[in-house]
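**Student:** Below are the structure tokens for one structure; questions will follow.
The values are calculated or read from the model by the stated rules, or taken from the named source; none is laboratory data. Quantities reported herein were computed from a predicted structural model and do not represent experimental measurements. Cβ sites come from the backbone with ideal geometry, for glycine too, and all protein chains shown count toward neighbours.
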Amino acid sequence: MMVMHRPQQPATTRRKRRLVGAATTAACLALTLWIVRLAVALPSCQAVTQWRSVWVGFDVLELAAVIATGWAVARERHWAPLAAVVTGTLLLSDAWFDVALSWGTPGETTSLGLALSLELPLTLALWALVPRLVPSSPDPKGASCRSLAQGSVAAARSLASKSTSTARSVRALELAGWEDPE
């Protein structure tokens, strides 16, 4: 069996990587403790005075992200893939909170309908768009950036075969001239 060794890195690079690893581990521990504290301490029901401000503010943030993504894609900006990932993540978060907070209420059907017909398909379409926006120039380690992202296209196509609204979103991208990066 042949064992491959990575080339020796400078001491400063190794120190930075260890520092990032330690900081990430500490953040995971702190977040785990915080989650446990919230699970024990938070009430199951809470009256909120700024409910409207929170939701309107979040939706304005989503609108800004959609505008920025559309502009970045249209102008072929280098940050378009990042904008698409952020916008998709905001939409997924919105779907999660809408459904979770409306569960068992009269708004449950509306929240589920919007999540399944709009927010989740748009999220998948945006994430499927990312590999098409990544330049095909190789990274310093030799692997094509685009080849690393192609897995998300296959995943979106697989999901599109199970959801007509996702299939429509992917098809709309294809009609707009986006092709598989393969």
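**Student:** Contact list please: Cβ distance under 6 Å, first residue in region 70-91 and without any contact (Cβ under 8 Å) to a residue 24 or more places away in the chain, second residue loosely packed, with under 15 Cβ neighbours inside 10 Å, pairs at least six apart or on different chains.
**Tutor:** A72/W79
**Student:** Cβ-Cβ below 8 Å, separation at least six or inter-chain, first residue in region 1-16 and modelled with pLDDT of 75 or more, second not hydroxyl-bearing (S, T, Y): which pairs?
**Tutor:** Q9/R17
**Student:** Looking at (1) over 19 Å from L133 (Cβ atoms); (2) assigned to a helix (DSSP H, G or I), which is the one condition that is false for V48?
**Tutor:** Looking at each condition in turn, V48 falls short on (2).
**Student:** What's the total number of residues in region 44-77 that are exposed (fewer than 10 other Cβ atoms within 10 Å of the Cβ) and over 22 Å from D94 (Cα atoms)?
**Tutor:** Qualifying residue count, region 44-77: 3.
One line per residue, one yes/no per condition, for (1) in contact with a Cys (Cβ under 7 Å, 6 or more places away or on another chain); (2) at pLDDT 60 or above; (3) farther than 27 Å from W51 by Cα:
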{"position": "V73", "(1), (2), (3)": "no, yes, yes"}
{"position": "A115", "(1), (2), (3)": "no, yes, no"}
{"position": "L148", "(1), (2), (3)": "no, no, yes"}
{"position": "L159", "(1), (2), (3)": "no, no, yes"}
{"position": "K162", "(1), (2), (3)": "no, no, yes"}
{"position": "E174", "(1), (2), (3)": "no, no, yes"}
